[in-house]
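Working notes, structure below.
The values are calculated or read from the model by the stated rules, or taken from the named source; none is laboratory data. Remember, predicted model here, so these are calculated numbers, not experimental data. With ideal geometry, Cβ positions are generated from the backbone for all residues, glycine too; neighbour counts draw on all protein chains shown. Side chains included, ligands, DNA and RNA excluded: accessible areas come from the protein's heavy atoms. Shrake-Rupley method; radii C 1.70, N 1.55, O 1.52, S 1.80 Å.
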Amino acid sequence: MAAVVTAFLAGATVSAQSKLNVVTSTEDLASITREVGGDRVAVIALAKGYQDPHFVEPKPSFILAVNRAGLYIAVGRELEIGWLPPLVTSSRNAKIQPGARGFLDASLNVRILDIPTGQITRAMGDVHPSGNPHYWLEPGNGRLIAQAVRNKLGELSPGDRTYFAQRYDDFDRRLAAAEKRWDATMAPYKGTKVVTYHRSWPNFMARFGFEVMGYVEPKPGIPPSPSHTLELIDEMKRGGVRLIVVEPYFSLKTPQAIANQVPGGKVLILAPSVGGVREVTDYIQLFEYDVNLLAGALKQVTGK
Ligand SMILES: [Zn+2]
């Protein structure tokens, strides 16, 4: 198999010109696109993994990148509603407008959690009105995103379909092998209850058998309030919950204050995205890092 791929690569001369320019909203989508697209794509991610993806400050370089893109890949589910639509419009690039062939909404064929039922009001919070947009934090969804990317790249560059299919199969195999490892690492801690700052982790926690029993934010996108914080401390004490998972872009002040009030309380900064911390350079590394950090912290607090 490796020999076939090598021969295939050696036989192909790929000039910079023939690469498809892909722009993605996040580094997670960029990593998956590089896995599948290999040397046939040039990928730029707009939001950095250490930034809150809901609130990204558009830079002039973004417009230039989007203007040159042959494919734009969005997280969707309104994650980028605050910054992407004006950027896409002002890029004046007809190829990547929503609905065009060069626009891919990565959320369309993945497992989405927290889909609201009934009437949606602002009181429910600001940022997750169409279901939870942090769905990439589940390896199975990463696989589904990769499939959508493989299909879309094949549609835009039909001559490279076999190449993309081989790259996808290779990614799928490595991801499956890694999942076995992560399951084994997490197995002793199944059923553990945790608190998270933002609702970034429902897919991740469900996938590894954890239960999220509360949030530092009273509602998605709404900053902590004293009354909510006091309630959360009470609930954590009653439920014996010790771990507070925080995304790197939030202040540690409230989480730390909560941890100080809870017996054995501990704040843990996990990476919600590729690039969230320096070590996490690709999609598989993202889980490698988070799984090991979480298991290490739980080993400390539970002694298991
Ligand atoms: Zn969110």
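Using only C-alpha positions, report the orientation-averaged shadow area of the convex hull of the chain, nm², one decimal.
Across all orientations, the chain yields a mean hull projection of 16.9 nm².
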Over the chain, what relative contact order in percent results from Cα pairs under 8 Å that are six or more residues apart?
17
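Using alpha-carbon pairs under 8 Å, 6+ residues apart, how would you state the relative contact order of the stretch 228-304 in percent?
Numbers: 79 pairs, mean separation 18.5, N = 77.
Normalised by residue count, the contact order of the stretch 228-304 is 24 percent.
Once Rh is set to the Kirkwood radius over Cα pairs, what Stokes-Einstein translational diffusion coefficient, in µm²/s, holds for the stretch 151-194 at a temperature of 20 °C and a viscosity of 1.002 mPa s?
Estimated diffusion coefficient is 167 µm²/s.
Averaged per residue, what accessible surface does the chain expose to a 1.4 Å probe, in Å²? Don't jump to the answer; show the numbers that get you there.
Values: 13970 Å² over 304 residues.
Accessible area per residue: 46 Å².
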Mind listing the long-range amide H neighbours of residue 270? Cut-off is under 5 Å, sequence gap 5 or more, other chains count too, H placed in the peptide plane at 1.01 Å from N.
246
Search the structure for amide H atoms under 5 Å from the amide H of residue 45, placed 1.01 Å from N in the peptide plane, and list their residues when 5 or more places away or on another chain.
24
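If you roll a 1.4 angstrom probe over the protein chains with everything in place, what fraction of the accessible area of the chain belongs to carbon and sulfur, to the nearest %?
Values: 7540 of 13970 Å².
Reported share for carbon and sulfur atoms: 54 percent.
Work out the P(r) tail for the stretch 238-283: percent of alpha carbon pairs separated by more than 15 Å, whole number. Before the final figure, lay out each step's value.
Details: 505 of 1035 pairs.
In whole percent, the share of Cα-Cα pairs in the stretch 238-283 beyond 15 Å is 49.
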Sequence ranges 104-112, 65-73, ranked by mean other-Cβ count within 10 angstrom, highest first
65-73, 104-112
Which value in deg cm²/dmol, rounded to the nearest 500, describes the helix-derived mean residue ellipticity at 222 nm for the chain, given -39,500 (n - 2.57) per DSSP H run of n ≥ 4 and division by the residue count?
-13500 deg cm²/dmol
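What translational diffusion coefficient, to the nearest whole µm²/s, does the stretch 106-234 have by Stokes-Einstein, given a Kirkwood radius computed over alpha-carbon pairs, a temperature of 4 °C and 1.567 mPa s viscosity? Display every interim value, and only then the final one.
Details: Rh = 17.1 Å.
Result for D is 76 µm²/s.
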Integer Hz, Karplus 6.51/-1.76/1.60 couplings in order for the stretch 296-304, x for Gly and Pro:
x, 5, 6, 4, 5, 7, 9, x, 7
Ordered by residue, what ³J(HN,Hα) values in Hz, to whole numbers, does the stretch 154-161 give under the Karplus form 6.51 cos²θ - 1.76 cosθ + 1.60, where θ = phi - 60° and Gly and Pro are x?
x, 5, 7, 10, x, x, 9, 4
Sequence neighbours fewer than 8 away in the same chain don't count; with that in mind, list the lysines whose C-alpha is under 30 Å from residue 48.
19, 59, 95, 152, 180, 193, 219, 253, 266
